[in-house]
């Protein structure tokens, strides 16, 4: 089991990466998270098109593990700590936890729903 994620030809230690959310979200009564990704980021589209459409966001519904991971992405917890907390909460159902959390955070970053900052405390 590795606590490193391969990206852009090199390995990144997930203990050095701190995810910070960039989109709003809603929490259902059962604790599951729904991410609200804006349909437009372009200023022209926001000003002229967005007021005319019914739904202004894409809704991305997360499962239990995704919801717990999202709630831990607060700009303070590094990805390694998040993975450890997910393992403590979900046990074997989250394994391989480091790979799973790393891939999930990478997908969120690609979709511009989080920013991954380097942890400067080490």
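Can you find, within the range 1-15, the residue that is modelled with the highest pLDDT among those that are in a strand (DSSP E or B) and either touching a strand residue (DSSP E or B) at 6+ places or on another chain (Cβ under 9 Å) or surrounded by 10 or more Cβ atoms within 10 Å (Cβ to Cβ) (or both)? Working first, answer last.
From the range 1-15, those in a strand (DSSP E or B) are 4-7, 10-13; that's our starting set.
Applying the additional criterion that residues be either touching a strand residue (DSSP E or B) at 6+ places or on another chain (Cβ under 9 Å) or surrounded by 10 or more Cβ atoms within 10 Å (Cβ to Cβ) (or both) yields 4-7, 11-13.
Details: 4: 51, 5: 49, 6: 49, 7: 48, 11: 67, 12: 71, 13: 80.
Once the filter is applied, the top-ranked residue is 13.
Confirm whether residue 72 is modelled with pLDDT of 95 or more and under 20 Å from residue 13 (Cβ atoms).
Values: modelled with pLDDT of 95 or more: yes; under 20 Å from residue 13 (Cβ atoms): yes.
Spelling it out, residue 72 is indeed modelled with pLDDT of 95 or more and under 20 Å from residue 13 (Cβ atoms).
Of all residues in the range 85-95, which are modelled with pLDDT of 95 or more and either surrounded by 13 or more Cβ atoms within 10 Å (Cβ to Cβ) or assigned to a loop (DSSP other than H, G, I, E, B) (or both)?
Once the filter is applied, which keeps residues that are modelled with pLDDT of 95 or more and either surrounded by 13 or more Cβ atoms within 10 Å (Cβ to Cβ) or assigned to a loop (DSSP other than H, G, I, E, B) (or both), the range 85-95 yields 85, 86, 87, 89, 90.
What number of residues in the range 102-122 are in a helix (DSSP H, G or I) and within 15 Å of residue 33 (Cβ to Cβ)? So that I can check it myself, show each step before the final result.
First pass over the range 102-122, keeping only residues in a helix (DSSP H, G or I): 102-110.
Among the residues that remain, those that are also within 15 Å of residue 33 (Cβ to Cβ) are: 104-105, 107-108.
Summing the residues that are in a helix (DSSP H, G or I) and within 15 Å of residue 33 (Cβ to Cβ) in the range 102-122 gives 4.
Has the range 81-89 got at least one residue that is in contact with a helix residue (DSSP H, G or I) (Cβ under 9 Å, 6 or more places away or on another chain), without any contact (Cβ under 8 Å) to a residue 40 or more places away in the chain and farther than 16 Å from residue 31 by Cβ?
Taking the range 81-89 first, the residues in contact with a helix residue (DSSP H, G or I) (Cβ under 9 Å, 6 or more places away or on another chain) are 81-87, 89.
Applying the additional criterion that residues be without any contact (Cβ under 8 Å) to a residue 40 or more places away in the chain yields 84-87, 89.
Okay, now just the ones that are also farther than 16 Å from residue 31 by Cβ, so 84, 87.
For the range 81-89, residues in contact with a helix residue (DSSP H, G or I) (Cβ under 9 Å, 6 or more places away or on another chain), without any contact (Cβ under 8 Å) to a residue 40 or more places away in the chain and farther than 16 Å from residue 31 by Cβ: present.
The values are calculated or read from the model by the stated rules, or taken from the named source; none is laboratory data. Keep in mind that this is a model prediction, so the values were computed, not measured. Backbone-built Cβ (ideal geometry, glycine too); neighbour counts: all protein chains shown.
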